Amino acid sequence: MEPILAIVVGILYASAIYMMLRRSIVKLVIGLMLLSNAANLLIFAAAGVQRGAPPLIPIGAMQPEGLVADPLPQALILTAIVIAFGVLAFAVVLIHRAYEVVNADDLDKMKDTDT
């Protein structure tokens, strides 16, 4: 399963970089979304894909019994999702305001308004 996830992460990173290098600001936001999803999937793949019980220790035991799931990658991914959502919301608002001022979607046309 990990080799398939590695290929998917590579494809997501490549498509995110391609989209972020385009001239359209909407494609820039789509690339930003793909980049955050690729980072989340990379953390998930690096942690290893295995099924396990919740990491709970029974009463009177010193360690969990059997295979348990690692909670750290899950917490990291949840934090990354929240941060990515905040960055994406800020980018969408910023892009909406820039489009209202410039009336253009092309990044080169937005440079012309610097004067």
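The values are calculated or read from the model by the stated rules, or taken from the named source; none is laboratory data. Keep in mind the model is a prediction, meaning the values are calculated, not measured. FYI the Cβ positions are ideal-geometry reconstructions off the backbone, even for glycines, and counts take in every protein chain you see.
So in the range 10-27, with the set limited to residues that are buried (at least 18 other Cβ atoms within 10 Å of the Cβ) and either more than 30 Å from H96 (Cβ to Cβ) or more than 13 Å from the chain's Cα centre (by Cα) (or both), which one is modelled with the highest pLDDT? Of everything passing the filter in the range 10-27, M19 is modelled with the highest pLDDT. Of all residues in the range 1-58, those being in a helix (DSSP H, G or I), under 23 Å from D105 (Cβ atoms) and of a type in the set (S, T, Y) number 3.
Taking the range 1-36 as the range and being touching a residue at least 40 places away in the same chain (Cβ under 8 Å), closer than 20 Å to I83 by Cα and of a type outside the set (V, I, T) as the test, the residues that pass are L28, L32, M33, S36.
Within the range 84-102, can one find any residue that is among the acidic types (D, E) and either assigned to a helix (DSSP H, G or I) or within 21 Å of I7 (Cα to Cα) (or both)?
yes
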